[in-house]
1. Quick test for you: out of 182, 157, pick the one residue that is among the charged types (D, E, K, R) and either closer than 30 Å to residue 70 by Cα or assigned to a helix (DSSP H, G or I) (or both).
2. Is at least one residue of the stretch 109-132 surrounded by fewer than 16 Cβ atoms within 10 Å (Cβ to Cβ), touching a residue at least 12 places away in the same chain (Cβ under 8 Å) and touching an Asp or Glu at 6+ places or on another chain (Cβ under 7 Å)?
3. Being modelled with pLDDT under 75 and either surrounded by fewer than 13 Cβ atoms within 10 Å (Cβ to Cβ) or closer than 30 Å to residue 21 by Cβ (or both) is true for just one of 150, 202. Which residue is that?
4. May I ask you to verify whether residue 162 is polar (S, T, N, Q), modelled with pLDDT of 70 or more and surrounded by 15 or more Cβ atoms within 10 Å (Cβ to Cβ)?
5. I want to confirm something. Restricting to the stretch 390-404 and keeping residues that are over 17 Å from residue 321 (Cβ atoms) and assigned to a loop (DSSP other than H, G, I, E, B), which single residue is farthest from the chain's Cα centre (by Cα)?
6. Taking residue 190, is it exposed (fewer than 13 other Cβ atoms within 10 Å of the Cβ) and either without any contact (Cβ under 8 Å) to a residue 60 or more places away in the chain or touching a strand residue (DSSP E or B) at 6+ places or on another chain (Cβ under 8 Å) (or both)?
7. From 6, 54, grab the single residue that is under 20 Å from residue 180 (Cα atoms) and surrounded by fewer than 19 Cβ atoms within 10 Å (Cβ to Cβ).
8. Quick test for you: out of 392, 380, pick the one residue that is among the aliphatic types (A, V, I, L, M) and surrounded by fewer than 18 Cβ atoms within 10 Å (Cβ to Cβ).
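The values are calculated or read from the model by the stated rules, or taken from the named source; none is laboratory data. Worth saying up front: this structure is predicted, and the values here are computed from it rather than measured. Here the Cβ positions follow ideal geometry from the backbone for every residue, glycine too, while neighbour counts run over all protein chains shown.
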Amino acid sequence: MAAARLDELKETIRRTIQVRRLTLGIFFTVALVVRLTLRVNFPLPLLFTPLVWLLLTYPFKALIEAQRDESSLHWVHAGFFILEIMLITYLIHFLQGVEWIGLIFYLFTIIYANFFLPQLQGYLITALAILFYGALVLLEWAGLIPHQTLFAQGGYRSLSFTLTTLLAGGVGIYATLAYTIRIFAEIYRRRGHELGRLSTRLLAAQEEERRRIAQQLHDELGQTLTVAKLDLELAEREAPAELQDRLREGARLLERAIAEVRQLSHGLRPPLLDELGPLPALRALAERFTAAGLKVELEAEELGQLRPEVESLLYQATQEALTNVTKHAQARRVAIRLSSVGDYLRLEIEDDGRGFNVPRTLRAGRGLGLQGMRERVMLAGGGLRIASKPGAGTRIVLEVPLQR
């Protein structure tokens, strides 16, 4: 895991090196064009500094590749950020930065530092940027170093001022910012996909474990308790009269334990899912609640083969919702709709009961069953929405991806 994390960090830093090289190449090209074509009081450091900075990225990349642990990698990266701040401050001094756009040039260094580095190094780089820029401003103000004037004629009526501002500020900074954001978006997208795959594997492993435990409860513990109950019933018939009541009570306790084990086993992985499939299992569930006095209408389309964890999720969510309706909603009718919407499977459960205040109920710690179900749905890459208000019934919408 540490090696994979280190490789990921190195790959990200390689991308930022590309951004630096692109930015510095544009800066050097713009500076060269302005120097050759426009009437600008152009100091030579504005040509040589970005070129030196660009060349420094090559040994920096070699140093990054040579690191073998995350801590040393961060400190090497922080060292390069410090060097960048020094070069940027030097450039700002020659770019009329105190009164032009120089302050913005620290932007990417601070963004990168606080995104990629640990908190200590990120704050260190930020503090150094503030310190260096503040020192430059105060030194120019005090007259200890001369203020460099980049433009012989300033203001929006100056062609050199306008074109340089447009190229350096508009094209240079905005294009680099857009490219930087794309890098960050790609990082988050990749991490999101990796997290999604990990969640899918976790949910599948959890479902397999639930299936195994349910089978053991049913086949091993359930059968052992059944045999014990039969032995007690046999002993009751042969025992003296004064022991028969105690043996009969023991048999009743075992029968209750068998029922609880069966209920626990079915809760972990309903056998109907494996015997009949998800739709027949949902129909059987709807018929069971209808027989108990709640009118349940199921409308479902054929969806083909589903992942076992999704089958279990659909069944348990429906069972949890119907149980809550029976206990709390005082509803007469429940409508269940199962359909595919694009790449997602949608389960809608709507009742005509008394409804409830969703935020208040969840804050009070009630509705833990639905909260747990929401967490499982999120692990499956989907979402669970609950819409309800007092006197207006409740609507639950569950969506999970068909493939993941």
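1. None of the other options fit; the residue is 182.
2. No: the stretch 109-132 contains no residue that is surrounded by fewer than 16 Cβ atoms within 10 Å (Cβ to Cβ), touching a residue at least 12 places away in the same chain (Cβ under 8 Å) and touching an Asp or Glu at 6+ places or on another chain (Cβ under 7 Å).
3. 150 is the lone residue from the list that is modelled with pLDDT under 75 and either surrounded by fewer than 13 Cβ atoms within 10 Å (Cβ to Cβ) or closer than 30 Å to residue 21 by Cβ (or both).
4. Working: polar (S, T, N, Q): yes; modelled with pLDDT of 70 or more: yes; surrounded by 15 or more Cβ atoms within 10 Å (Cβ to Cβ): no.
Here the answer is no, as residue 162 does not meet what is asked.
5. So the residue we want is 391.
6. On the way: exposed (fewer than 13 other Cβ atoms within 10 Å of the Cβ): no; either without any contact (Cβ under 8 Å) to a residue 60 or more places away in the chain or touching a strand residue (DSSP E or B) at 6+ places or on another chain (Cβ under 8 Å) (or both): yes.
When the stated conditions are applied, residue 190 does not pass them.
7. Being under 20 Å from residue 180 (Cα atoms) and surrounded by fewer than 19 Cβ atoms within 10 Å (Cβ to Cβ) holds for just one of 6, 54, which is 54.
8. Within the list 392, 380, the selection yields 392.
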